[in-house]
Amino acid sequence: MGTLTLILGGARSGKSHHAEKLAAEIGGDSVLYVATAQPFDDEMKARIAQHQAERPAGWSTVEAPNQAALAIEKHYATSQLPEKVVLLDCLTVLTSNLLLPFDDPFAPEVEVTINRETDGLIQCIQSTEAHFLIVSNEVGLGLVPPYPLGRAYRDLLGRANQRLAQIAEKVLFMVAGLPMIVKE
């Protein structure tokens, strides 16, 4: 059975950098990086290119803007030497990718879709020997969003974070690049 470290924080809190540092410490070159971002504009293309350039050359990468659990399972099914660490960066973008195709963010099938993805990640964690590092934003610390899509997103991501935190061996909260232990 695998293990999970959930790394939460706000925008630019150092979540991804810290997760990459932990991945290298735990797995060395035996890391599967699961990327969820999509290059919709030039700025995102540049961010993605920068992330790719900064990643160690020995790491494997799977692009999974949706169905991340399925992508991990497929990778492991074909890998002769499964990676010791799976770094998913990030649940925040994955949730957004799953939510945005729906016209009504509060439609029941939206929550079903997010729960299915979260269930899949939990199943992946439990069915492998890997140490999972999942990066996600904590979006519930600010004001209530003034528009329905923002409120639905905050609620859906918050519930997914809670479910993962429940099964995680360790939960970190990043503030100004510094990890604070929430659960250990």
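The values are calculated or read from the model by the stated rules, or taken from the named source; none is laboratory data. Keep in mind it's a predicted model, so treat the numbers as computed, not measured. Counting neighbours? That spans all protein chains shown, and the Cβs are built from the backbone with ideal geometry, glycine included. In case anyone asks, the SASA skips ligands and DNA or RNA and just uses the protein heavy atoms, side chains included. Shrake-Rupley method; radii C 1.70, N 1.55, O 1.52, S 1.80 Å.
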Of S30, S127, S136, which has the most accessible area with a 1.4 Å probe, and how do the rest follow in descending order? S127, S30, S136
In the stretch 54-148, if every C-alpha pair distance is counted and binned at 5 Å from zero, what percent goes to each bin? 2, 11, 20, 23, 18, 11, 7, 5, 2, 0
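Let me know the Kirkwood hydrodynamic radius for the stretch 50-97, please, with Cα pairs as the basis and the value in Å to one decimal.
The Cα-based Kirkwood calculation yields 11.9 Å.
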Cβ under 11 Å from G158's Cβ, G158 left aside: what net charge do those residues give with Lys, Arg +1 and Asp, Glu -1? +2
Over the Cα atoms of the stretch 19-58, Rg to Rh with Kirkwood Rh, two decimal places? 1.04
Would you kindly give the portion of the calculated P(r) for the chain that falls above 28 Å, as a percent of all Cα pairs? 19
Taking a 1.4 Å probe, which of M180, M1, M174 shows the most accessible area, and what order do the others take after it? M1, M180, M174
Taking the alpha-carbon distance from K45 and a cut-off under 19 Å, which aspartates and glutamates remain once sequence neighbours fewer than 8 residues away in the same chain are dropped? E54, E63, D89
Given a 1.4 Å probe, the accessible area of the chain per residue, as a whole number of Å², is 53
Nearest 10, in degrees from 0 to 90: the angle of helix 68-78 to the longest Cα principal axis of the chain is 20
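Against the 2.2 N^0.38 Å scaling, with N counting residues, where does the stretch 1-100 land? I'd like the Cα-based Rg ratio to two decimal places.
With N residues counted in the stretch 1-100, Rg over 2.2 N^0.38 Å equals 1.05.
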In the chain, taking the dipole from +1 charges on Lys and Arg beta carbons and -1 charges on Asp and Glu beta carbons about the Cα centre, the listed residue (A69, G177, L133) farthest towards the positive end is G177
In the neighborhood of V85, defined by Cβ-to-Cβ distances under 14 Å, what is the net charge if each Lys or Arg adds +1 and each Asp or Glu adds -1? -3
So the carbon and sulfur contribution to the accessible area of the chain, 1.4 Å probe, in percent, is 56
Spatial separation of Cα centroids for the stretch 74-152 and the stretch 1-68, in angstrom: 14
Put V182, V139 in order of accessible area, largest first, 1.4 Å probe: what do you get? V182, V139
In nm, to one decimal, how far is the Q123 label point from the T61 one, both placed 7 Å along Cα→Cβ? 2.8
Karplus 3J(HN,Hα) series, Hz, for the stretch 141-151 with 6.51 cos²θ - 1.76 cosθ + 1.60 (x for Gly, Pro): 8, x, 5, 5, x, x, 10, x, 4, x, 5
Exposure of E169 as accessible area (Å², to 10), given a probe of 1.4 Å and all protein chains: 80
Nearest 10, in degrees from 0 to 90: the angle of helix 108-127 to the longest Cα principal axis of the chain is 20
